[in-house]
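Since the structure comes first, as structure tokens, the remarks are kept for the end.
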Amino acid sequence: MLPDQLSSALAELDAQGLRRRRSVLDSPQGARVSLDGREFLSFSSNDYLGLASHPAIAAAARGAIDAAGVGAGAAHLLTGHHRLHHDLERQLAGFVGLPAALLFSTGYMANLGVITALVDRHGEVFEDRLNHASLVDAAVLSRARLTRYPHRDLVWLDRKLAESRAPVKLIATDTVFSMDGDLAPVSELLELAGRHGAWLYLDDAHGFGVLGEEGRGVLSTLPLAPCPLNLIYLATLGKAAGVAGAYVAGSEYLVEWLVNRARTYIYTTAQPPLLAAAVAASLRLIAGEPWRRERLAALIDRLRAGVVGLPWQLMSSDTPIQPLLVGGNVEALRLAEGLKRRGILIPAIRPPTVPAGTARLRISLSAAHTEDDVDALLAALRELAHD
């Protein structure tokens, strides 16, 4: 697209109700935020456990600055791999019960790095149609054949895996789908991958810290002993963990290969060591404070019971992601704006992020919310239903 075409293209986005604009946050992340100079009750972050501004995590980061400075100053394979990074990788591997782990700067970079390191133009990548954009982009960048299967359709996937003649096959899926909030059939996918000689890549961005025993993620819900050699696990550290970055875990051979071949790991400066110290503190809180997940479960039940009778329905989800299905783009924007006028912040999610005709409000619950917060949201929705 040429420079003089951008203005008309942006106007077209406006006409379709698809143009995105940034807001400026003037407060710590939390259930209540200051945004663009206004105070809001927020249901619009992925801070599921309410840890993003936890004082213990902030204290760990401050303490690490004195010991390690701020910037890492170099890539991991030069002099940027600090002891804090190294120790955290071992802690993360142990936390999810896998032999080894590797830190990445973001989940997007991890997905790009892993898939392109394992699959080339001779391989085939199989992805759930509702996967995060980073998994799709990673497959495209790998130049492998990309086969996208209907959401959670294992019969279709089984048939396509059997038909594939690719020397390397990789199944990639979100564990919690970020716009629907439902779960991938992980046990069945693991069986399929084993039967067809394929890798299974689990992106647990929205499950880590929330799902399973002590918040150890989707793997803690599975009987994995020993770790399957074809399993790749990813979790991000900027959602439930409340910090930043991501890690990939699996066999020692897998991690060693990624150190040598994952371009998004090799060719970038390491994250500040202070973030590794912050994540270590977060892990202690995730495992040691089960009340956060218990509160989340209670708030989910309260919200789902409270929307009964409204003209919009919540999609099927037992996770903190509770999408309120609206349908049209303009109507979703109108509903989000109505809530905003009442001091409640929830994003309207529209195509291409979700399929046409399924625009929605993505309600994100947090352990930082209270029952009164959920009741305030329900009261506002009832008002808007009668406008």
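So which residues in the range 194-223 are among the acidic types (D, E), surrounded by fewer than 24 Cβ atoms within 10 Å (Cβ to Cβ) and modelled with pLDDT of 95 or more, if there are any at all?
E214
Select from the range 26-65 the residues that are farther than 30 Å from T264 by Cβ and free of Cβ contacts under 8 Å to residues at least 60 places away in the same chain and write down the one among them that is farthest from the chain's Cα centre (by Cα).
The qualifying residue farthest from the chain's Cα centre (by Cα) is G37.
Among the residues of the range 67-108, how many are among the hydroxyl-bearing types (S, T, Y) and at positive phi?
0
Collect the residues in the range 193-212 that are in a strand (DSSP E or B) and touching a residue at least 40 places away in the same chain (Cβ under 8 Å), keeping them in residue-number order.
If the condition is that a residue be in a strand (DSSP E or B) and touching a residue at least 40 places away in the same chain (Cβ under 8 Å), then W199, Y201, D203 are the ones that fit.
If I filter the range 224-232 for residues that are modelled with pLDDT of 95 or more, in the same structural domain as H196 (by TED's automatic domain parsing) and crowded, with 21+ Cβ neighbours inside 10 Å, do I get at least one hit?
Yes, that holds for at least one residue.
One line per residue, one yes/no per condition, for (1) under 27 Å from L211 (Cα atoms); (2) not in a strand (DSSP E or B); (3) not small (G, A, S):
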{"position": "L146", "(1), (2), (3)": "no, no, yes"}
{"position": "K160", "(1), (2), (3)": "no, yes, yes"}
{"position": "A166", "(1), (2), (3)": "no, yes, no"}
{"position": "E191", "(1), (2), (3)": "yes, yes, yes"}
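For the range 165-175, give me each residue that is out of contact with any strand residue (DSSP E or B) (no Cβ under 6 Å at 6 or more places or on another chain) and in contact (Cβ under 8 Å) with a residue 40 or more places away in the chain. Full working, then the answer.
Filtering the range 165-175 down to residues out of contact with any strand residue (DSSP E or B) (no Cβ under 6 Å at 6 or more places or on another chain) leaves 165, 167-168.
Listed by number, the residues that qualify are P167, V168.
Within the bounds of the range 232-249, is there any residue that is in a loop (DSSP other than H, G, I, E, B), more than 13 Å from G97 (Cα to Cα) and more than 21 Å from the chain's Cα centre (by Cα)?
Looking through the range 232-249, none of the residues is in a loop (DSSP other than H, G, I, E, B), more than 13 Å from G97 (Cα to Cα) and more than 21 Å from the chain's Cα centre (by Cα).
Could you give me the residue pairs with C-beta distances under 8 Å whose first residue belongs to the range 288-312 and is small (G, A, S), whose second residue is crowded, with 18+ Cβ neighbours inside 10 Å and part of a loop (DSSP other than H, G, I, E, B) wherever it lies, and which are 6+ apart or on separate chains?
Close Cβ pairs satisfying both conditions: none exist.
Could you tell me whether the range 256-263 includes any residue that is under 24 Å from P323 (Cα atoms), assigned by TED's automatic domain parsing to the domain that holds L192 and in contact with a Ser or Thr (Cβ under 8 Å, 6 or more places away or on another chain)?
Of all residues in the range 256-263, those under 24 Å from P323 (Cα atoms) come to none.
No, that holds for no residue.
Quick check on the range 1-44: of everything there that is hydroxyl-bearing (S, T, Y) and over 15 Å from K340 (Cβ atoms), which residue is modelled with the highest pLDDT?
Applying the filter and picking the extreme gives S27.
Please pick out the residue among R342, R293 that is crowded, with 18+ Cβ neighbours inside 10 Å and either farther than 30 Å from A72 by Cα or in contact with a strand residue (DSSP E or B) (Cβ under 9 Å, 6 or more places away or on another chain) (or both). Steps first, please.
Values: R342 fails: crowded, with 18+ Cβ neighbours inside 10 Å.
So the residue among R342, R293 that is crowded, with 18+ Cβ neighbours inside 10 Å and either farther than 30 Å from A72 by Cα or in contact with a strand residue (DSSP E or B) (Cβ under 9 Å, 6 or more places away or on another chain) (or both) is R293.
Scan the range 333-364 for residues that are among the charged types (D, E, K, R), farther than 17 Å from F177 by Cα and touching a helix residue (DSSP H, G or I) at 6+ places or on another chain (Cβ under 8 Å) and jot them down.
If the condition is that a residue be among the charged types (D, E, K, R), farther than 17 Å from F177 by Cα and touching a helix residue (DSSP H, G or I) at 6+ places or on another chain (Cβ under 8 Å), then R342 is the only one that fits.
So which of A367, A376 is in a loop (DSSP other than H, G, I, E, B), under 22 Å from D318 (Cα atoms) and either in contact with a helix residue (DSSP H, G or I) (Cβ under 8 Å, 6 or more places away or on another chain) or in contact (Cβ under 8 Å) with a residue 12 or more places away in the chain (or both)?
A367
The values are calculated or read from the model by the stated rules, or taken from the named source; none is laboratory data. These numbers were taken from a predicted model, which means no experiment stands behind them. Note: ideal-geometry Cβ built from the backbone for every residue, glycine included; neighbour counts use all protein chains shown.
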